[in-house]
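The values are calculated or read from the model by the stated rules, or taken from the named source; none is laboratory data. Quick caveat, the model's predicted, so the values are computed rather than measured. Methodologically, a virtual Cβ is constructed for each residue, glycine included, from the backbone with ideal geometry; neighbour enumeration extends over all protein chains shown.
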Amino acid sequence: MGLKMKERKSVVHEIAPRYRQARKKEKGKILDEFVETTGYNRKYAIHVLSHEGKRYLRKVDTNSSWVRLETTHRGGSRARAGRKKTYDEPVQGGILKIWRYFDHMCSKLLKAFIASNVDDLYRSKWLRLDPRCREQLLDISAATIDRIVSGERREWRKRKGSCTTRGGGMLRNQIPIRVYFNWYERAPGFFEMDTVSHDGGFPARECCHTLSITDICTGWTELRAVKNNASRWIVAQLSDMEAGIPYPMLGLDSDNGSEFMNSPVLRWTEERGVSFTRGRPYRKNDNCFVEERNYHSVRKVIGYYRYEGDEMYGILQDVYRHLCPLRNYFYPCVRLVSNQRTDGKNHKVYDAPETPYARMLKDPRLSGEQKHVVRDRRETYDIIELKKGLDHAIRTLLELVRSGS
């Protein structure tokens, strides 16, 4: 059984003077005995015995005289000086405030979000920091943001929802399979679509669903609630989505669910000259663009609860009425540029984070009139008012869930 801390201090106090007066060979013998007795590391033992009881002069402050201090063996770990923090408490608090309020983005997206929306945050007086802190917010790196939010991020846990997609046997021969998009099809207007079930883990009864479509070029996302997976609701919401998209819809790609593999949806696409394709059965990667949005745009926002009935359906529509402008005009996202497999490993390359709105303005294939319409729409939105409306709708929805309505 080793010595207690008080006993070790006594040993150091007794041996240190003899150690400093001894010759080199004698010091080695004393050090061997000391290390065996205390269990200290040899280098640390040399430091302790060399400095124990030494006296030195130190000036406490500029106005006082020199003070004689004595070194004592504390037996504990010494605090490291470390590098002085570049970002003080106001900046770190601002980062945490933005991260909490705007849906817990990853650090790279949050950095792009701050750069593109900091003027709106200051204009609405939601964020109030001095000019120096504002410059630091714009200069902060993604790695530093990760370190600031890491403590709170650990509390978040991912949960899995149930899949309610059922294969549709109708019209499979009439709807071609698409495995990938050609480069000429990566123009604005080609969308992938999917539905997300809100059954709360109990798919026995009818419940609400979310219909989502995502543009593979710009990342533009539209979300609508549907009362169930009946084709009439799908067609009605597709028409509403088409009216909300500021450029023509050229193509739709879906999975093999029966909500899409039916005559009303096929007729809707044929009447509008929209190319309609489907992915391979049981291959979710064929619809990877919309699948990756299902968590960030749906599950992360409204969770995995069960939503059913007209009242919850109306509130879900209100949620998406505020969420879609936020996602399309203010929230940055990344796009997959290339995916190469080398030595059994996939190497994915993504572009820089940008909002779908910014990508639209940069795309030369869209006309000036279309871009003018998008700019006018952007000016009508206030990011803080949209977020307040979204939070209010989500709170109302969750209160209904907790009350059992």
(message) I'm trying to understand the selection: among the residues of the range 91-108, which are of a type outside the set (G, A, S), within 10 Å of the chain's Cα centre (by Cα), surrounded by 18 or more Cβ atoms within 10 Å (Cβ to Cβ) and farther than 16 Å from I384 by Cα?
(response) M105, K108
(request) Scan the range 348-359 and give yes if some residue there is in a strand (DSSP E or B), buried (at least 20 other Cβ atoms within 10 Å of the Cβ), of a type in the set (D, E, K, R) and out of contact with any Cys (no Cβ under 9 Å at 6 or more places or on another chain), otherwise no. (result) no
(message) I'd like the full set of residues that are free of Cβ contacts under 8 Å to residues at least 24 places away in the same chain and touching a Leu at 6+ places or on another chain (Cβ under 8 Å), limited to the range 331-364.
(response) K348, V349, Y350
(request) Please specify each residue of the range 121-138 satisfying the condition of being closer than 16 Å to E89 by Cα, surrounded by 13 or more Cβ atoms within 10 Å (Cβ to Cβ) and out of contact with any Asp or Glu (no Cβ under 9 Å at 6 or more places or on another chain). (result) L127, L129, R134, L137
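Results for (1) at pLDDT 90 or above; (2) touching a Gly at 6+ places or on another chain (Cβ under 9 Å), shown as yes or no for each residue.
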| position | (1), (2) |
| --- | --- |
| L110 | yes, no |
| A115 | yes, no |
| S124 | no, no |
| C133 | no, yes |
| T144 | yes, no |
(request) Go through (1) farther than 22 Å from L109 by Cα; (2) at pLDDT 75 or above and name the single condition C163 misses. (result) (2)
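Under 20 Å from A225 (Cα atoms) and part of a helix (DSSP H, G or I): is that true of V319 in this structure? If you could, list the steps in order and put the result at the bottom.
On the way: under 20 Å from A225 (Cα atoms): yes; part of a helix (DSSP H, G or I): yes.
The answer is yes for V319.
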(message) So, in the range 261-279, how many residues would count as being out of contact with any strand residue (DSSP E or B) (no Cβ under 6 Å at 6 or more places or on another chain) and surrounded by fewer than 17 Cβ atoms within 10 Å (Cβ to Cβ)?
(response) 7
(message) of a type in the set (K, R), surrounded by fewer than 21 Cβ atoms within 10 Å (Cβ to Cβ) and not in a strand (DSSP E or B): is that true of R327 in this structure?
(response) no
(request) Look through the range 237-275, keep the residues that are more than 32 Å from the chain's Cα centre (by Cα) and closer than 18 Å to R186 by Cα, and return whichever of them is modelled with the lowest pLDDT. (result) S275
(request) Considering only residues that are in a helix (DSSP H, G or I) and in contact (Cβ under 8 Å) with a residue 24 or more places away in the chain, look in the range 365-384 and name the one that is farthest from R128 (Cα to Cα). (result) Q370
